[in-house]
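Here the structure comes first, spelled out in structure tokens, and everything after it is commentary.
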Amino acid sequence: MIYSFWEFWDSITPFETADLQKLVNYNFNMPDRDNTYSTNQIRKISQCHSSLGTKTRVASPKLDRWKDLNKAIVDWINNDALEETSVKIAEENNFQFYDSIQKRILSDLFSRFRTIYPKKDYKFEHEYLVKEAVKELNGEEYGLTTHFTYGFEDENQFEYIRLKTAHDPEPELIDRAIITKLRAENEEFYTAAIELDDLIEIEQVENPDEIINEYFTILEEYLTNRKKRTPGRQCDYCDQVSRCGQFPLITDDKITNRVREVKISKTNLVKLSNCERRTAWNVQYGLPREDYIEFESESDGTKFHNFSQKLLVNNNNFLEKENIESFNQLTNQEDEVTREQLFLKYQQLVSKLKNYKDLKIKESEYILGFTCIAEGRGLRNGKVVDQKVATIFTGKSDLAGRVGDTPIIIELKTRQEIPEDALEAQLYALGASQLMKSEKEILVLHIYVSDHDATIKERKFGSSELESAKAKFDDLAKKSASWIPYDALSPKYSIGNWCEVCEFKSTCLENR
Ligand code: SF4
Ligand code: SF4
């Protein structure tokens, strides 16, 4: 996820990037610095051109911790004092501003790094270690650059290390391709995979030129239309979220670089109405979940969503018997019992949709949201100060389209109705009303489907309903604005039934 060096690299200005490429082994001439893109930037571009924008202040705690861990490692390696002393000084210098929970996380990561890569008597470099592939596009040289956190040299043998704190430390294909293409005989490349307690050699690829060329094609497309916006899953990780226009500002204010930002997804929004701490630990502080599962097989509920979306989007015949039966073709890889259950649910779903005359479903996984600014708190020079905070509320609706002329958002549920669904409906309606300003009314449906039944909850949002929704979200934004960066203990907690399923149960209990 976002525990990577590449985001850190994006915070470095183009001047620094180009100016300090002195340690690179080039096979080509160097392109102009404005024509150089990191592999992280190119990955962003490949998902959405607009996501590569100016620097913002969206909460990115894992990245902040990564930066301070990196500084501590550099301090420790450069300090010739006894091990215990150099570790203590590095921790004091770099972890002091954090609360006790984050300090512990950082100390743990630091100690894991020292175990997998103990201090060696090698020459050490830690700045701007890059390799760059170059190609001419439209008559100019362009560069794609992969980066390393540390470099060690011993008798003309070099080891380059990428520091990774993510659960999945595998480098992107483009990084591996550039490394394969430009590696010299006396160079080795590793990932220090701290979560896995392992130093993993970076594997080469068989077709580096092909991969590098594919990414240059992505870059070429970007150069022809830099502002193209492609909303999708990538919005969850994008720091341009309050500025790209997909999640418009609904308060009378302005986003500037002084405004701190925090992004709250639909799942975390529901948690926010119960317990601020739980949401804050997810979105503002990025604390490790206690229920982290590396791989989860797709649930039957998810399958139902996916197959239904496939069949309903841009299908004007979805009410016809034959068309309904074609659902079974989509599920032919499933076992018999699952197929039957999925089909029963789909039939129930269509039986409800037929009540909506002239329904046209145009989109699935449709991203909606908006931004609210509230007075809150932030840090300046290590001190807590008053500061405006933008909260971006985002949600992905299952289906979207129109009934006649009226926009409709549809959410499919394979569980019973819960009170929080009303808040979800407000989020969608407000988001849709911002994207489609000319509309008088927005319709939001929740359809609860089981094998034998389906019920519908229909909500219509005209101007007064939208006003109350706005007031509700303005209030919620005040909560997130009050969280102090670096202090995970600042958000209030509230104990209730929801604690049973909380992903931070033990950490919370230890810190009440
Ligand atoms: S928020 Fe989404 S649509 Fe907007 S720039 Fe980012 S990825 Fe693109
Ligand atoms: S355990 Fe309960 S009180 Fe603690 S963070 Fe989770 S939901 Fe909130």
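The values are calculated or read from the model by the stated rules, or taken from the named source; none is laboratory data. Given the structure is predicted, the values throughout are model-derived calculations rather than measurements. Note: ideal-geometry Cβ built from the backbone for every residue, glycine included; neighbour counts use all protein chains shown.
What to note about this one:
- Among the conditions (1) within 16 Å of ligand 1 (Cβ to nearest atom); (2) out of contact with any helix residue (DSSP H, G or I) (no Cβ under 7 Å at 6 or more places or on another chain); (3) not basic (Lys, Arg), residue 196 misses just one, which is (1).
- Options 374, 390; residue that is closer than 24 Å to residue 244 by Cα and crowded, with 21+ Cβ neighbours inside 10 Å: 390
- Hits in the stretch 503-512 (condition: without any contact (Cβ under 8 Å) to a residue 40 or more places away in the chain and near ligand 2 (Cβ under 8 Å from one of its atoms)): 509, 512
- Put simply, of 46, 38, 51 the only residue that is modelled with pLDDT of 50 or more, away from ligand 2 (no atom under 16 Å from the Cβ) and touching a Cys at 6+ places or on another chain (Cβ under 9 Å) is 51.
- Subset of the stretch 215-238 that is in a helix (DSSP H, G or I), under 24 Å from the mean Cα position of the chain (by Cα) and of a type outside the set (A, V, I, L, M, F, W, C) - its residue that is nearest to ligand 2 (Cβ to nearest atom): 236
- Contact annotation: residue pairs with Cβ atoms under 6 Å, 6 or more positions apart or on different chains, pairing a residue in the stretch 345-365 that is in contact (Cβ under 8 Å) with a residue 12 or more places away in the chain with a partner that is part of a strand (DSSP E or B) and not hydrophobic (A, V, I, L, M, F, W, C), are 360/401; 360/402; 361/401; 362/401; 365/396.
- Scanning the stretch 45-80 for residues that are in a loop (DSSP other than H, G, I, E, B) and either among the hydroxyl-bearing types (Ser, Thr, Tyr) or in contact with a helix residue (DSSP H, G or I) (Cβ under 7 Å, 6 or more places away or on another chain) (or both) yields 48, 52, 54, 56, 59, 60, 79.
- Some residue of the stretch 451-458 being part of a loop (DSSP other than H, G, I, E, B), more than 16 Å from ligand 1 (Cβ to nearest atom), free of Cβ contacts under 8 Å to residues at least 12 places away in the same chain and within 30 Å of residue 359 (Cα to Cα): no
- A residue that is out of contact with any strand residue (DSSP E or B) (no Cβ under 8 Å at 6 or more places or on another chain), farther than 27 Å from residue 422 by Cα and part of a helix (DSSP H, G or I) occurs nowhere in the stretch 253-275.
- Close Cβ contacts (under 9 Å, 6 or more residues apart or on different chains) running from residues in the stretch 485-502 that are closer than 28 Å to residue 95 by Cα to residues that are in a loop (DSSP other than H, G, I, E, B) and within 16 Å of ligand 1 (Cβ to nearest atom) comprise 485/59.
- Scanning the stretch 126-150 for residues that are within 24 Å of residue 224 (Cβ to Cβ) and assigned to a loop (DSSP other than H, G, I, E, B) turns up 138, 139.
- For the residues 100, 60, the requirement of being within 24 Å of residue 285 (Cα to Cα), within 16 Å of ligand 2 (Cβ to nearest atom) and of a type outside the set (D, E, K, R) singles out 100.
- Within the stretch 241-266, residues that are crowded, with 19+ Cβ neighbours inside 10 Å have Cβ atoms under 7 Å from residues that are among the acidic types (Asp, Glu) and assigned to a strand (DSSP E or B) in these pairs: 242/261, counting only partners at least 6 apart in sequence or on another chain.
- Filtered by the rule that a residue be at pLDDT 95 or above, touching a strand residue (DSSP E or B) at 6+ places or on another chain (Cβ under 7 Å) and within 24 Å of residue 98 (Cβ to Cβ), the stretch 466-501 gives 480, 481, 482.
- When 402, 377, 339 are checked against the criterion of being assigned to a helix (DSSP H, G or I), over 23 Å from the mean Cα position of the chain (by Cα) and among the charged types (D, E, K, R), a single residue qualifies: 339.
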